[in-house]
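Worksheet for the structure shown next.
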Amino acid sequence: MLRAAPRPARRTQRRQQTLAGYALLAPSMVGVLGFLLAPVLIVIVLSLFDWKLLATPEFIGLANYRELFGDADVWHSFLVTGYYVLICVPGTTILSLLLALLVNRKLRGMKYFRALLVIPWMATPVALGLVWAWIFDPGRGAINQFLGIFGIDGPAWLSSSLLAMPSVAAVHIWQFAGYNMLFFLAGLQNIPASLREASSLDGASPVAHFFSITFPLLRPTLLFVLITNVIGSFQAFDTIFVMTEGGPGDSTEVATYLIYDEAFRKFDFGYASTISVLLFVVILIATISQFAYFERRTTYDFS
Amino acid sequence: MTRSRLFAYGVLVIGCVFAIFPYLLTVLTAFKGPGQLSGTLPWEPGLPPSGAAFDRLFASGFGGYLANTVLVTVGITAGQLLFAVLAAYAFARLSFPGRDALFWVYLSTLMVPPVVTMIPLYLMMQKAGLVDTWAGLMLPTMLGTPYAIFLLRQFFRTIPADLEDAARIDGAGRVRTLLLIVLPLSKPILVTVTTLAVVANWNSFLWPLIITSSEDKRLLSVGIALFKGEIGVDYNAVMAGSLIALAPLLVLFIFFQRFIVRSVAVTGLK
């Protein structure tokens, strides 16, 4: 069917290509349009309904949104999410850039170091969360046992409302610093070596070279790393689910956790959809504003 | 050896120890017996090693979770690859009305977070009677992801069309050109797409947690998360469970390390 006839008229050929094109696209159209795009529209519709598990759904207009804006739990969870993002994104970005500068050096065995640093990225987040919960264990965990050697009485990391969030965020940074390092490394390797030679002839120090040459040239990479990390950390769920379950109190109850809780423990699909819409809007605004910020600045391309 | 080199190696070693330490601790804890856990420091091995934690795990059904996870990961990944290749080929090589508009729609769905789609997807599956079925678990992701389609399409476009035209003049059809010309030339991007898919599918948690409830369809990630709730802080067993989840990807990584490190870096940029 997909085979072209020996000498088809132009029109039949075009029709055949159209048919072939849509035949090849059919499965993914079900996946992308049906399971990604349609749900976005449906979630908006759901947010206008009072839709509880067994009751008949009832259209209530913007009532869910009115409730949302007066709901202290929602505000709190978005603040907590913002706090998480504000620790994870700069932490991961800065650490991965420093690692990239380090592994960009030509040293023996470097490819093994690079590989070892990337390993945490593929760890199953749920398993990883449990491993870190054990490391953070106040009594017998590795961190407090280690601190004990120096006579320091370590805190109860995950059951302190002050320390729980930074601890959970540290796990995110641990998991993704090596992975993001690879993008910065690729960016660094795209910079022509002649620029380094030129600036050292001009007598620039390595630090000056970094800030005036290297860093501006890494801007496209930086944008990519920032955007993917912001989107990712706004949706944190797996590690928090097993490490703190949103606690202690509600100190790590991030937005995704709240949505899960409303939808699949309280079965309030309508209200949970409303919170999802808000989260989506927040992620969109965060993403677009990063694009806008970088757009205004010059970028350089050597490829 | 110069001082700056020594310094670089020092920092690298510390960084790698940090990266590997949790894995090491998982292995050490998983092979400790109940008495050894409290008798040793976390970073000391329990001697002699004990498999008691694994016995307990497999007695409570972990063998089944492991088999389920392998099958589901292979199934979803195979589907994603097949359907993404077909879609990417259509976008890269065929011309038909609506192609570019459709491609932009696909690209725009890259921005859709899974959290936002999970409630509608669940209700859709409920309407279709697919809650707690294999189809419900696998269907939403196995028809191809926009990211894989995007990466493949970009790569296919760099393959000279002349090669395909030559094959077609020799009488090969579209399917044969795709299989015999395009795919063999696309090995690097296929490795990348497969790696990303395997990691994502093996690790996925939220959707399996929501859509499955019966034990015979439980995946490892859900199994260990719920296991912790059932038995409390039995760290031996929890670490043994984590090890079963972490080890397969680690082994794959050791074998394909060279390709994976290279291939991850080509995504996202250009």
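The values are calculated or read from the model by the stated rules, or taken from the named source; none is laboratory data. Owing to the predicted nature of the structure, the values given are computational and were not obtained by experimental measurement. Positions of Cβ are backbone-derived with ideal geometry, glycine not excepted, and every protein chain shown enters the neighbour counts.
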- Note on the structure: Exactly one of B:Leu110, B:Leu12, B:Leu94, B:Leu71 is more than 24 Å from the chain's Cα centre (by Cα), surrounded by fewer than 22 Cβ atoms within 10 Å (Cβ to Cβ) and not hydroxyl-bearing (Ser, Thr, Tyr), and that residue is B:Leu94
- With respect to B:Leu130, determine if the residue is at pLDDT 90 or above, under 26 Å from the mean Cα position of the chain (by Cα) and in a loop (DSSP other than H, G, I, E, B). yes
- Message: Any residue at all in segment A:171-189 that's more than 10 Å from chain B (Cβ to nearest Cβ) and small (Gly, Ala, Ser)?
- Response: no
- Note on the structure: Taking segment B:1-47 and keeping only residues that are charged (D, E, K, R), more than 10 Å from every other protein chain (Cβ to nearest Cβ) and part of a helix (DSSP H, G or I), one is left with B:Arg3
- Task: Go through the residues of segment B:188-205 one by one and say whether even a single one is among the hydroxyl-bearing types (Ser, Thr, Tyr) and not in a helix (DSSP H, G or I).
- Result: yes
- Message: Going through B:Ile149, B:Ile169 one at a time, which residue ends up being within 11 Å of another protein chain (Cβ to nearest Cβ), crowded, with 22+ Cβ neighbours inside 10 Å and more than 24 Å from A:Pro125 (Cα to Cα)?
- Response: B:Ile149
- Task: For segment A:37-51, enumerate the residues that are in a helix (DSSP H, G or I) and either more than 7 Å from chain B (Cβ to nearest Cβ) or touching a Pro at 6+ places or on another chain (Cβ under 7 Å) (or both).
- Result: A:Ala38, A:Pro39, A:Leu41, A:Ile42, A:Val43, A:Ile44, A:Val45, A:Leu46
- Query: Can you find a residue in segment B:100-107 that is under 20 Å from B:Thr194 (Cβ atoms) and out of contact with any Gly (no Cβ under 6 Å at 6 or more places or on another chain)?
  - Reply: yes
- Which helices (runs of 4 or more DSSP H) does segment A:201-303 wholly contain that include 3 or more residues that are surrounded by fewer than 20 Cβ atoms within 10 Å (Cβ to Cβ)? A:206-209, A:219-234, A:269-295
- Message: All but one of (1) closer than 27 Å to B:Leu252 by Cβ; (2) surrounded by fewer than 22 Cβ atoms within 10 Å (Cβ to Cβ); (3) among the aromatic types (Phe, Trp, Tyr) hold for A:Trp132; state the number of the condition that does not hold.
- Response: (2)
- Those residues of segment B:18-47 which are over 28 Å from A:Val118 (Cβ atoms) and either aromatic (Phe, Trp, Tyr) or touching a residue at least 24 places away in the same chain (Cβ under 8 Å) (or both), in sequence order: B:Lys32, B:Gly33, B:Pro34, B:Leu37
- Message: Restricting to segment B:32-50, name every residue that is over 18 Å from A:Ile135 (Cα atoms) and loosely packed, with under 13 Cβ neighbours inside 10 Å.
- Response: B:Gly35, B:Leu47, B:Pro48
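One line per residue, one yes/no per condition, for (1) in a helix (DSSP H, G or I); (2) at pLDDT below 90; (3) surrounded by fewer than 21 Cβ atoms within 10 Å (Cβ to Cβ):
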{"residue": "B:Ile210", "(1), (2), (3)": "yes, no, yes"}
{"residue": "B:Asp216", "(1), (2), (3)": "yes, no, yes"}
{"residue": "B:Ser221", "(1), (2), (3)": "yes, no, no"}
{"residue": "B:Leu226", "(1), (2), (3)": "yes, yes, yes"}
{"residue": "B:Gly229", "(1), (2), (3)": "yes, yes, yes"}
{"residue": "B:Val233", "(1), (2), (3)": "no, yes, yes"}
{"residue": "B:Val238", "(1), (2), (3)": "yes, yes, no"}
{"residue": "B:Phe259", "(1), (2), (3)": "yes, yes, yes"}
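So that you can scan it fast, the table gives a plain yes or no per residue for (1) modelled with pLDDT of 85 or more; (2) closer than 19 Å to B:Ala101 by Cα:
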position	(1), (2)
A:Arg3	no, no
A:Leu24	yes, yes
A:Leu33	yes, yes
A:Leu36	yes, yes
A:Leu41	yes, yes
A:Phe49	yes, no
